[in-house]
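Every number in this text was worked out from the coordinates using simple rules, so none of it is lab data. Bear in mind the structure is a predicted one, so any value in this text is a computation, not a measurement. Every residue, glycine as well, gets a Cβ built from its backbone with ideal geometry; the counts of neighbours run over all protein chains shown.
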């Protein structure tokens with residue numbers, strides 16, 4: 001008679017080698033970039049809106065908006081850059097919602113690939129798209145009179161900070177995109193989040209011109225810290241006093257802490273959500 005081992009069987013977790021994980025992520029990234037290449041209208045509309053904001057605020061409203069200690073165009077462009085990368089991060093959410101609707105996630109489930117590779121590829125491709133948008137935005141800014149007044153390494157640090165923030169925020173939007181029922185819902189939900197973050201901030205007007213409640217919100221708004229950090233790194237702060245709030249006095253550190261917090265919190269949550277969805 002054969003003895004039967006009645007001990008509890010522990011689940012065996014097989015971890016893919018790091019090289020395979022990178023390869024999976026790069027494959028999905030290429031797939032998403034190829035999709036953009038085949039649908040250039042996606043890129044066109046992604047950059048048209050911020051270009052319109054540049055022209056609208058600098059050429060239409062710029063003469064009526066006065067900012068102490070600096071030209072309005074110099075003040076404006078950091079806000080446009082921040083708005084562009086924050087809005088660009090929403091593509092991760094809408095794309096994940098669309099993939100769920102079309103059943104693409106079910107097809108990915110049948111492939112021998114890491115679950116997180118789909119999310120990594122999605123957020124990586126949005127980072128590339130945001131990088132392209134940044135180049136176009138800077139060219140537009142130069143055309144309307146914006147100038148960088150800092151050292152080259154500070155200028156590069158400003159670009160890196162903007163893109164890192166957009167990458168971290170894209171994980172937040174990816175989680176949101178997997179939590180809604182349809183792509184239409186993610187569009188409405190993202191605008192309800194992004195419009196207060198970008199417009200109740202120091203992106204377009206100084207926060208000290210706002211009523212008390214809105215001023216407090218703007219000064220502690222992470223987008224305001226991102227804008228202030230970009231202004232400092234691009235040399236566009238002028239001589240106007242900076243609000244005596246910790247987030248405004250230390251904007252670069254505030255943004256770096258925010259990036260780390262978003263990645264630490266939302267990357268595991270998004271991967272767990274995707275794993276649960278792909279498991280059926």
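Can you tell me how segment 140-270 classifies by the Cα gyration tensor, rounded, prolate or oblate, using a/c under 1.5 as the rounded cut?
It is prolate, given that a/c is not under 1.5 and a/b is the larger ratio.
Set the Förster radius R0 to 51 Å, insert the Cβ-Cβ distance between residue 66 and residue 278 as r into 1/(1 + (r/R0)^6), and round the FRET efficiency to 0.05.
Numbers: r = 53 Å, r/R0 = 1.05.
For R0 = 51 Å, the calculated efficiency reads 0.45.
Write down the Kirkwood hydrodynamic radius of segment 29-180, to one decimal in angstroms, obtained as one divided by the mean of 1/r over all alpha carbon pairs.
In segment 29-180 this quantity evaluates to 16.8 Å.
Starting from the Cα-Cα distance between residue 139 and residue 101, subtract it from 0.36 nm times their residue separation and give me the gain in nm to one decimal.
Full extension of this stretch gives 10.0 nm more.
Rounded to the nearest 0.05, what FRET efficiency do residue 27 and residue 246 have when you use their Cβ-Cβ distance and R0 = 51 Å?
0.75
Taking the convex hull of the Cα atoms, report for the chain its projected area averaged over all directions, in nm². Each step should come with its number before you reach the end.
Working: hull surface 76.7 nm².
Its Cα hull, projected and averaged over all orientations, spans 19.2 nm².
Would you mind calculating the relative contact order of the chain from Cα pairs under 8 angstrom and at least 6 residues apart, reporting the percent as a whole number? The partial results should precede the final answer.
Values: 328 pairs, mean separation 73.9, N = 280.
So the answer I get is 26 percent.
Just grab the label-to-label distance for residue 153 and residue 195, each label 7 Å out from Cα along the Cβ direction, in nm (one decimal).
Label-label distance for residue 153 and residue 195, simple model: 4.3 nm.
Ranked highest first by average number of other Cβ atoms within 10 Å, how do 211-221, 172-182 line up?
Top of the packing list down: 172-182, 211-221.
What is the distance, in nm, between label points placed 7 Å from the Cα along the Cα-to-Cβ direction at residue 34 and at residue 269?
A separation of 3.3 nm, rounded to one decimal place.
Pull out the extension gain between residue 184 and residue 214, defined as 0.36 nm times the separation in residues minus the alpha carbon to alpha carbon distance; nm, one decimal.
Using 0.36 nm per residue and subtracting the Cα-Cα distance, I get 7.9 nm.
Taking the Cα centre of each part, how many Å lie between segment 186-203 and segment 129-153?
Cα centres, segment 186-203 to segment 129-153: 23 Å.
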